[in-house]
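To start, the structure itself, in structure tokens.
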Amino acid sequence: MDQQLKDAINQQVTEEYAAAYTYRHLANEMDALSFPGLCQWFVAQAKEECEHALKFAQHLIDRGERVVPKTIEINAPEINTPRQAFEAALAHERKVSEQIRTITRLADEVGDLESRALLNWFLNEQVEEEATVGEILDQLNLVGDDGSGLLRIDARLGNRDIATPSA
């Protein structure tokens, strides 16, 4: 495996764990604001990001490479509303999407066809992730500060199963 690609995939393992940490932070913020459904949604999202990290790690291992941990750096802003939480989530998903596109371009550049199935899965997953978070944000924008609207969204998102995320 090309060294530059191997380094990029190793970095993505760390980025996926950073995403999980970010989502746990957002879950904590929603819990502090008494939105248990939104908290549960973010907890499930954090679990899904850990599974994504494992997919990248397993790809390296399957190819005879080592997973090399990197330092996790995140920005954990104070969140005061559900809308702020989902704005942060959407910005984060867009960042991850660009990271995946960069790795995909690199894999193409070095002719690493074996990574394409994994990367194509992630490219599709990121379209879904951005669409889902964007839809929730649209709904939050629609209800604004209406308490009953926020509680309905909270109840709906609280139905997400933490044990079996959508990845």
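The values are calculated or read from the model by the stated rules, or taken from the named source; none is laboratory data. Everything numeric here is computed off the predicted structure, so don't read it as measured data. A quick note on method: Cβ atoms are made from the backbone with ideal geometry, for glycine too, and the neighbour counts reach across all protein chains shown. Note: accessible area is taken over every heavy atom of the protein model, side chains too, but ligands, DNA and RNA are not part of it. Shrake-Rupley method; radii C 1.70, N 1.55, O 1.52, S 1.80 Å.
Inspect the range 82-95 for any residue being over 21 Å from Leu140 (Cβ atoms) and either modelled with pLDDT under 95 or open to solvent by 30 Å² or more (accessible area, probe 1.4 Å) (or both) and give the result as yes or no. No - not one qualifying residue is present in the range 82-95.
When the range 21-37 is filtered for residues that are farther than 13 Å from Glu93 by Cβ and in contact (Cβ under 8 Å) with a residue 24 or more places away in the chain, the ones remaining, listed by number, are Tyr21, His25, Glu29, Met30, Leu33, Phe35, Pro36, Gly37.
Of everything in the range 55-65 that is of a type in the set (D, E, K, R) and surrounded by 13 or more Cβ atoms within 10 Å (Cβ to Cβ), the residue that is nearest to Ala155 (Cα to Cα) is Lys55.
Among the numbered conditions (1) of a type in the set (A, V, I, L, M); (2) open to solvent by 50 Å² or more (accessible area, probe 1.4 Å); (3) in a helix (DSSP H, G or I); (4) within 16 Å of Ile9 (Cβ to Cβ), the only one that Val68 does not meet is (3). Please identify the pairs in which a residue from the range 88-113 that is over 10 Å from Leu5 (Cβ atoms) has its Cβ atom under 7 Å from the Cβ atom of a residue that is of a type in the set (S, T, N, Q) and assigned to a helix (DSSP H, G or I), counting only partners at least 6 apart or on another chain. From residues that are over 10 Å from Leu5 (Cβ atoms), the pairs are His92/Thr22; Glu93/Gln126; Val96/Gln126; Ser97/Gln126; Gln99/Gln12; Ile100/Gln126. Pairing each residue of the range 38-54 that is open to solvent by 10 Å² or more (accessible area, probe 1.4 Å) with any residue that is assigned to a helix (DSSP H, G or I) and among the aliphatic types (A, V, I, L, M), provided the two are 6+ apart or on different chains, yields C-beta distances under 6 Å for Cys39/Ala27; Cys39/Met30; Trp41/Leu157; Val43/Ala27; Cys50/Ala20.
Any idea which of Leu151, Leu106, Leu140 is open to solvent by 70 Å² or more (accessible area, probe 1.4 Å), of a type outside the set (D, E, K, R), farther than 22 Å from Glu48 by Cα and outside any loop (DSSP other than H, G, I, E, B)? Answer to the selection: Leu151.
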